[in-house]
Amino acid sequence: MSTAPARFVRFDLTMIATTQPLRVVLPIILTGVFCVTLPVPGIGIVVGAVLASISVSVPFQGDERGRLDVLYGIAPVGRIAVVLGRYVTLLVFAIVTTGVGAVTSVVVGAARHQDLGWPLVSTMLLVAFGSVSVAIAVQVPWFFALGFTRGRPMIYVPVGILAILGFVTGQTGLLDGTTGLAPGVPPLVVTAAVLIGGVALLAGSAAVAVHFYRRREL
């Protein structure tokens, strides 16, 4: 990463942690809570990714409340650096929540004597990466184009999708432990498709976000 985006990432992470600590800590706590309360082995990995996905708007809310967009407009970092740095910030947060979910899953699995092997972990990680990639790619250009307040309806898109998926999953009995989950290692072609597709989606999303942000009056 070049110097300007790296400086912005450090600034961005510091601002979020100091001005919105509850919005940072709460998803991490909830990841642990869901991991403990849901009987599905390794579910904390996906839960961490899901909570990161619905927290994409948090730094944009901080920008608007602190009028930081004005600062970004006059600071010598450039709008491309702001956009790229924000994507990295969101990915870092997703890695943290997913990591907490993974560690908690291992601890809870050991306490419950559940088999948490690599096939299951790799599947959960792949689902987590796909979820985060889509959530970030869809929401971020919207917020860079309109800001938090005008772009707020976009928050409910991933929430609605996750609610539907949660309902469907609940009907299968997976969430109450009546149905087991014993996947094998994802096929190489599927893994490659998800990883390459996710990276391509994020790259394309960043290009769109840069275009919108350059045209936005701050």
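The values are calculated or read from the model by the stated rules, or taken from the named source; none is laboratory data. Note that the structure is predicted; figures quoted are calculated from it, not measured. Every residue, glycine among them, receives a Cβ derived from its backbone with ideal geometry; neighbour counts consider all protein chains shown. Only protein heavy atoms, including side chains, enter the accessible area calculation; ligands, DNA and RNA are left aside. Shrake-Rupley method; radii C 1.70, N 1.55, O 1.52, S 1.80 Å.
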Among the listed residues Val25, Val77, identify the single one that is hydrophobic (A, V, I, L, M, F, W, C) and within 27 Å of Val108 (Cβ to Cβ). Val25
Output the residue which, of all residues in the range 43-67 that are within 12 Å of Arg23 (Cα to Cα) and assigned to a loop (DSSP other than H, G, I, E, B), is most open to solvent (accessible area, probe 1.4 Å). Ile54
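Residues are listed down the side, and each one gets a yes or a no for (1) under 21 Å from Val88 (Cβ atoms); (2) of a type in the set (Lys, Arg); (3) under 15 Å from the mean Cα position of the chain (by Cα):
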residue: Trp118; (1), (2), (3): no, no, no
residue: Val121; (1), (2), (3): no, no, no
residue: Met124; (1), (2), (3): no, no, yes
residue: Val134; (1), (2), (3): yes, no, yes
residue: Gln139; (1), (2), (3): yes, no, yes
residue: Phe144; (1), (2), (3): yes, no, no
residue: Gly147; (1), (2), (3): yes, no, no
residue: Arg152; (1), (2), (3): no, yes, no
residue: Tyr156; (1), (2), (3): no, no, yes
Can you name the residue in the range 195-218 that is of a type in the set (Val, Ile, Thr) and out of contact with any helix residue (DSSP H, G or I) (no Cβ under 7 Å at 6 or more places or on another chain) and is also nearest to Val83 (Cα to Cα) among such residues? Val199
